[in-house]
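First the structure, in the form of structure tokens, and then the observations on it.
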Amino acid sequence: MGLNMRLDRARGNDHGGRAPDVVVVGAGIIGSIVALRLAQRGGSVTMVDRGVLGGEASTAAAGILGPQLEASGPGPLLDLALASRALYPKLAAELRGKTGIDVGFERCGALAVALDERGEVNLDERIGWQVARRLAVRRLSGDEARAVEPALGAAVRAALEFPDEARVDARALTRACVEAATDAGVRFLDGRRVRRVIVERGSAVGVDVEGERLAAGTVVIAAGSWSGLLEGADLPPLVVTPVRGQVVSLAAPPSLLQRIVAVHGRGYLVPRHDGTVLAGSTMEHVGFDKAVTVAGIARILSLATALTAWLADAPIAGSWSGFRPDTEDHLPLLGETASTRRLVFATGHFRNGILLAPITGQAIAELIASGRSSVDLTPFSIDRFAPAASAARATSPA
Ligand SMILES: Cc1cc2nc3c(=O)[nH]c(=O)nc-3n(C[C@H](O)[C@H](O)[C@H](O)COP(=O)(O)OP(=O)(O)OC[C@H]3O[C@@H](n4cnc5c(N)ncnc54)[C@H](O)[C@@H]3O)c2cc1C
């Protein structure tokens with residue numbers, strides 16, 4: 001499901017035949033926003049994607065911007081996600097100004113609902129640390145939840161309301177980032193697979209694109225679920241793995257829901273501007289099998305109709321699947337590696353790549369342009385998976 005847009009301009013940005021300062025591998029939301037921010041800092045950037053623009057996870061996403069819904073507790077991921085959510089209003093306005101595309105950003109709020117006793121215990125655990133952290137959250141009874149979202153059914157026993165959570169149209173966002181990056185001078189090579197990162201004397205010096213050498217000062221790995229398959233990228237093979245998610249789009253009755261409604265560990269409903277409701281999603285370890293399955297859809301629709309019986313008669317408008325780039329500890333991989341200079345990671349965003357895109361773009365562009373990022377990237381370093389390499393670098397001269 002790539003984005004339909006004219007690519008002639010993007011292909012035409014040729015940097016006068018010079019080698020780019022940076023090659024970004026992967027043109028999903030992460031690669032695009034990193035490329036955009038680097039180009040805005042004056043860098044010459046080439047993005048390479050083996051498929052079409054936004055053909056993978058970034059356009060499959062439901063567009064939930066939900067740090068409070070997603071985090072299991074305080075920690076570096078929550079901090080990163082909150083900082084990224086805060087960047088969204090400005091990013092949406094910037095992209096609209098530059099491209100005319102409305103990315104559908106809205107602070108619509110979210111309800112985390114409980115359908116059983118275990119769910120209620122989970123809500124109690126979550127409200128504790130969120131209040132301590134001074135995040136906006138309110139505990140609702142089932143009836144109070146139905147008062148704010150009248151379509152919710154009797155199965156809803158309790159809820160947490162998060163007024164600051166938001167949504168965006170992930171497809172429009174990815175398209176807008178690619179177009180803005182193109183306008184900023186980024187060159188785009190689509191339908192071209194990067195075979196490997198070329199490393200010489202401990203530094204990344206470019207990539208091999210289907211047998212052709214593309215030299216670059218810095219290489220950024222933003223290849224989503226495929227990042228671990230890139231030769232020379234220095235990633236242990238199973239550090240990034242795909243987790244399939246299936247989504248169903250439903251033509252819901254008008255204004256059925258205002259807020260995102262989520263059930264911990266089971267799924268969610270996301271109301272959209274066009275009147276559809278996205279119902280998601282599965283979490284499946286099936287390799288790169290992109291099928292939309294009967295069992296997956298049945299599970300999603302069973303939760304959707306348990307949340308609101310109004311969806312039972314809704315026509316199915318579409319269905320699709322995508323691969324979340326997961327890591328062993330579910331934290332993204334951001335920043336440099338100890339073993340290879342000029343090689344930078346921006347991958348492994350798992351369930352939150354849309355949410356984390358603005359902060360990732362900012363942090364990675366700062367790091368490449370100035371050698372430092374205003375965000376502490378230590379918890380997201382690849383070296384947490386390779387302590388030996390890290391120690392070796394620490395004891396050797398730069
Ligand atoms: C069903 C589903 C629902 C989701 N919902 C949400 C949500 O509500 N909120 C949220 O924040 N996140 C959500 N996510 C997660 C989010 O979509 C991802 O974290 C994010 O899109 C990852 O972006 P990316 O650019 O790293 O990867 P991708 O979008 O997968 O892009 C990677 C790109 O790299 C390219 N590539 C790979 N290998 C090579 C190679 N060798 N050479 C050249 N190109 C290569 C691919 O073709 C692809 O275009 C969801 C994901 C799924 C699947």
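Answer with yes or no whether Leu301 is within 16 Å of the ligand (Cβ to nearest atom), part of a helix (DSSP H, G or I), within 16 Å of the chain's Cα centre (by Cα) and modelled with pLDDT of 95 or more.
no
State yes or no: is Ala136 among the aliphatic types (A, V, I, L, M), part of a loop (DSSP other than H, G, I, E, B), over 24 Å from Ile30 (Cα atoms) and out of contact with any Gly (no Cβ under 7 Å at 6 or more places or on another chain)? It is true that Ala136 is among the aliphatic types (A, V, I, L, M), part of a loop (DSSP other than H, G, I, E, B), over 24 Å from Ile30 (Cα atoms) and out of contact with any Gly (no Cβ under 7 Å at 6 or more places or on another chain). The sole residue among Gly73, Gly128 that is loosely packed, with under 14 Cβ neighbours inside 10 Å, small (Gly, Ala, Ser) and not in a loop (DSSP other than H, G, I, E, B) is Gly128.
When Arg139 is tested against the conditions (1) at pLDDT 95 or above; (2) surrounded by fewer than 18 Cβ atoms within 10 Å (Cβ to Cβ); (3) near the ligand (Cβ under 10 Å from one of its atoms), the lone failure is (3). Does Pro242 satisfy the criteria of being surrounded by 15 or more Cβ atoms within 10 Å (Cβ to Cβ), under 22 Å from Cys108 (Cβ atoms) and at pLDDT 95 or above? The answer is no for Pro242. Scanning the range 9-28 turns up no residue that is in contact with a Cys (Cβ under 7 Å, 6 or more places away or on another chain), within 30 Å of Ile260 (Cα to Cα) and at pLDDT 95 or above.
Check whether at least one residue in the range 327-344 is away from the ligand (no atom under 16 Å from the Cβ) and part of a strand (DSSP E or B), and report yes or no. Within the range 327-344 (the criterion being away from the ligand (no atom under 16 Å from the Cβ) and part of a strand (DSSP E or B)), the answer is yes, since at least one residue qualifies.
Considering (1) in contact (Cβ under 8 Å) with a residue 12 or more places away in the chain; (2) surrounded by 15 or more Cβ atoms within 10 Å (Cβ to Cβ); (3) not in a loop (DSSP other than H, G, I, E, B), the lone condition that Gly318 does not fulfil carries the number (2). Tell me which residues, restricted to the range 51-65, are in a loop (DSSP other than H, G, I, E, B) and more than 6 Å from the ligand (Cβ to nearest atom). Answer for the range 51-65, where residues must be in a loop (DSSP other than H, G, I, E, B) and more than 6 Å from the ligand (Cβ to nearest atom): Val52, Leu53, Gly54.
The values are calculated or read from the model by the stated rules, or taken from the named source; none is laboratory data. Please read these numbers as outputs of a predicted model, since none were measured by experiment. Reconstructed Cβ throughout: ideal geometry from the backbone, glycine too, with neighbour counts over all protein chains shown.
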